[in-house]
1. How many times 2.2 N^0.38 Å is the alpha carbon radius of gyration of the stretch 109-156?
2. Wrap a convex hull around the Cα atoms of the stretch 213-318, take a quarter of its surface area, and give that in square nanometres.
3. Considering every Cα-Cα pair within the stretch 239-288, what fraction, in whole percent, is farther apart than 12 Å?
4. Angle between the Cα long axis of helix 288-300 and the longest principal axis of the chain, 0 to 90 degrees, nearest 10?
5. Please compute the contact order of the stretch 45-197 in relative form: average sequence separation of alpha-carbon pairs under 8 Å and at least six residues apart, divided by the residue count, as a percent.
6. Just how large is the dipole of the stretch 1-121 about the Cα centre, in debye to the nearest 20, putting +1 at every Lys and Arg Cβ and -1 at every Asp and Glu Cβ?
7. Which of Gly265, Leu196, Ser246 sits farthest toward the positive end of the charge dipole of the chain, with +1 on the Cβ of Lys and Arg and -1 on the Cβ of Asp and Glu?
8. For Lys262, Lys65, Lys221, what's the fewest-to-most ordering of other Cβ within 10 Å of each Cβ?
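Just so it is clear, none of the values below were taken in a lab; they were calculated from the coordinates. Every value quoted in this text rests on a predicted model; they were computed, and no experiment measured them. Cβ coordinates were reconstructed from backbone atoms using ideal geometry, including for glycine residues, and neighbour counts include every protein chain displayed.
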Amino acid sequence: MIRADPLPTAVPLPPRVPPWALPDGHVEHETDAAFFAGAALNSLDFSVRSEPAWAGAWRQRLALKCAVVAVRLAGRSEDEAALRDAWYVRPADGDPGPAGNILHAWRQLVSRPPVIDAVRLAEVVELLGLRWNDGFADLPSAIDDLVRSGRPAPFAAAAVASRIVAVSPGAEVLAWWCADFLVAQRLRWPRPVPLLMAQVFAPAFRTSDGRAKRIRPGEQKEFERAVCLALAQGADNALRLAADLSRRAERLAAVMPKLRAKGAGEAIARLLDDDAVPGSLVTKNLSRFGSRRLFDRLMEFEAVRELSGRPTFRLYGL
């Protein structure tokens with residue numbers, strides 16, 4: 001039998017956003033909001049650049065959270081469980097459906113370096129279920145111009161989101177995809193970490209005039225400030241998730257020497273690199289029956305979680 005290769009140990013826990021870098025109540029001035037965003041993104045930067053073993057699972061789980069909000073913005077009702085099913089419980093290369101394609105767009109965002117051209121943009125527009133608008137054609141060059149301008153990441157993200165909605169008011173979901181993309185490119189991250197889409201219905205984007213109206217791209221008076229606050233809160237949420245996954249990956253590393261199943265290493269690599277892994281996983285060295293036994297063993301060790309809540313077609317993850 002082949003033992004799984006051990007994971008690196010002694011990996012420091014991800015840092016947290018310090019309490020003073022998070023807003024406590026209403027923030028009126030744009031400069032204060034920009035300060036919070038800068039401090040929070042600086043805390044996040046360490047985890048992004050250190051590329052821990054569980055970075056793939058981290059990004060994909062953040063992508064799922066963003067996709068849930070994107071689906072809601074598109075007028076659909078699928079939750080995390082439904083989106084996982086659409087993606088994982090389908091035939092190989094099968095169509096995941098409209099909601100699953102929205103998830104695909106965010107999975108694509110976090111899986112590739114932050115480089116965009118007309119071909120990739122057209123692919124994203126299609127996945128998001130949008131109709132192509134000729135005004136989208138110059139977006140890749142507009143994004144490059146914003147990056148080269150040296151404009152701080154929050155304000156560059158706000159600018160590209162506002163530009164897209166001005167061109168096509170119904171394309172707000174694309175605006176947020178591009179905003180998260182631009183933050184990564186502006187900060188020179190190797191892969192995007194989606195933050196903004198998940199905050200669209202959160203307090204950062206609510207007016208303080210008593211109506212609690214949602215602040216949308218293009219509402220320049222409040223929008224840039226709202227983007228800064230959303231990035232601060234998004235960075236904090238991302239680092240909380242990172243800390244949780246770091247502890248879970250450490251538990252997985254502790255039990256790996258006890259795994260003697262042939263092909264266990266392949267399954268572990270999938271767990272660390274994705275949001276979920278089907279319990280019916282089949283690889284070159286792991287049969288469907290072997291997967292079931294391996295995941296049952298990992299559940300006994302409390303090294304993974306079952307994410308579907310079903311007795312069949314089960315999904316496992318950190």
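1. 1.24
2. In nm², the orientation-averaged hull projection of the stretch 213-318 is 9.3.
3. 69 percent
4. The two axes meet at around 80 degrees.
5. Value for the stretch 45-197: 27 percent.
6. 420 debye
7. Selected residue: Gly265.
8. Listing Lys262, Lys65, Lys221 from fewest to most nearby Cβ atoms yields Lys221, Lys262, Lys65.
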